[in-house]
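The values are calculated or read from the model by the stated rules, or taken from the named source; none is laboratory data. Values in this document were obtained by computation on a predicted structure and should not be read as measured data. Cβ coordinates were reconstructed from backbone atoms using ideal geometry, including for glycine residues, and neighbour counts include every protein chain displayed. The protein model used for the area step is the full one, side chains on, heavy atoms only, and it has no ligands, DNA or RNA in it. Shrake-Rupley method; radii C 1.70, N 1.55, O 1.52, S 1.80 Å.
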Amino acid sequence: MRMRRRILTALLRKEENQRSLQLRIPVMSQGNDLVTPRKISKGRLQVQLEGEGTYECSVTGLVFEVSERVLIRYSVLSWSKFGMFLGDTWRFAGPIFNVDCVNSPSSVLTSIQFPHSLCLADPHSEMTFSVLHMKDSCPVIEPSVDHSGSHVKWRVSSLSPVGPIVQSSKPVEHHGVVLVYKELALNNSYSFRIYLATNNSSDIKDIGKEVRCSKRRYLKVEKPPTCKLDERRYRLMSEPEGDISPADLQFTLAVTKLKGYFEAFFEQPPPFKLSLIETESDQTVWSATIREGDCVDNAVEKLRKRTDSRKRSTSTSEEEMTNKRPRCADESDGVRTVQVPDVSPKQLMQVAKRLGKEWKQVAIGCLDLSSKELDDIQASEEDVIMQRFKALERWKTSRPKGQATVAHLLRSLQELDDLPNEVHQTLQDMMDNKAAK
């Protein structure tokens, strides 16, 4: 009889827990209208929400709760610019976003639910979620309203860069990804970079940017990336055996530049089987087989075919080749080079007038100014446009001659994901006008 009572009690508790879980999850994840945003510029998305309700972005997983019809613009930012504001016990828990209501007050957007990457076996766990909110370039930690197994809900106080964070003195298990990139070398070698990251857009975006900025060219190898990663050490194994370094790697929530990555080199062609193993438990958490077709750069193949076709259909004489060489100005060292002038003060003023409230982010994140330099500029100039101009001018004077052209400035500013279209277009027009001349 006692045994029956124990079994019955256990079943009732299980049923109660399931009912509680079912009651909690709909608050966070059900009844949302799925919406697909429109990409308006590099990294920037825009979506028109037609009326009061709760809407989920099909691209980012963001959930917006609005009180009326509103146009929302948003973009994924990098934790590398904001992670420094977190204390020792705080960790980022998902992507950080910049969200804005176009021509509407921020109060129209009542709450935002941010996707997080933590593995929560129990959604009722006492994990302390909050958000890091950048208000006027100052970090503020604000409490969350609620959380589920996938999202953190925050009541909107104002709109500026904001992202979910978690407080924990112990390592936390994350939904992770393993990202594989093959080096595109001329000698057909098989060299790879393998990164470990949390499954959140900010982390993945940072890794993609680091690979693009590398001196070597890489091709992303599309393989199922997801796995569970704890803040522990992992080693990478391969079949057949390849040259892999380092021997093991600590999975960390540090910014991408401090993460590190595995390098794997093979002398023979694919297939290769890669396996990620947790060092302490010797458990395989991820594996994938890389085949010959995964290592082909389709863009290069198309270009090669097009080039071969042109070679067969046309032939160019030596005289024609001479006429097609670029016209340049400087021949002092026997090599003709075009001298492009640095951006002028007048051009800097044009850019300053088109920068908006994001100009402080531009100054620190794109122009590499320090907080002290920014404070000095604001203290010496009352006019906001002149403050922006002085920030741009400091960027110019800090660079060597010939390294502060309009093209260099555009390249620096494009690091900002939500660079206003007006600024981008102004710089592009400057470049087009010089090319026309």
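What the table below lists for this structure:
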quantity	calculated
Flag for Val63 being β-branched (Val, Ile, Thr) and either within 15 Å of the chain's Cα centre (by Cα) or closer than 21 Å to Pro139 by Cβ (or both)	no
Complete set of residues in the stretch 203-220 that are among the small types (Gly, Ala, Ser) and either within 8 Å of the chain's Cα centre (by Cα) or in a helix (DSSP H, G or I) (or both)	Gly208
Subset tally (residues that are free of Cβ contacts under 8 Å to residues at least 12 places away in the same chain and under 14 Å from Ser191 (Cα atoms)) for the stretch 241-287	1
Matching strands (runs of 3 or more DSSP E) fully within the stretch 77-174 where at least 1 residues are within 20 Å of Tyr55 (Cβ to Cβ), small (Gly, Ala, Ser) and open to solvent by less than 20 Å² (accessible area, probe 1.4 Å)	109-115, 162-167
Any hit, the stretch 39-52, residues being open to solvent by 30 Å² or more (accessible area, probe 1.4 Å), of a type outside the set (A, V, I, L, M, F, W, C), closer than 21 Å to Ser157 by Cβ and assigned to a strand (DSSP E or B)	no
Residues of the stretch 392-422 satisfying the condition of being hydrophobic (A, V, I, L, M, F, W, C) and in a helix (DSSP H, G or I)	Leu392, Trp395, Val406, Ala407, Leu409, Leu410, Leu413
Count of residues meeting criterion [in contact with a strand residue (DSSP E or B) (Cβ under 6 Å, 6 or more places away or on another chain) and in a loop (DSSP other than H, G, I, E, B)] in the stretch 221-231	2
Residue within the stretch 220-240 that is open to solvent by less than 30 Å² (accessible area, probe 1.4 Å), aliphatic (A, V, I, L, M), touching a residue at least 24 places away in the same chain (Cβ under 8 Å) and touching a His at 6+ places or on another chain (Cβ under 9 Å) present	yes
Any hit, the stretch 184-202, residues being touching a Lys or Arg at 6+ places or on another chain (Cβ under 8 Å), in a helix (DSSP H, G or I) and among the hydrophobic types (A, V, I, L, M, F, W, C)	no
Checking Ser371 against (1) surrounded by fewer than 17 Cβ atoms within 10 Å (Cβ to Cβ); (2) more than 25 Å from Phe82 (Cα to Cα); (3) of a type in the set (Ser, Thr, Tyr), the condition it does not meet	(2)
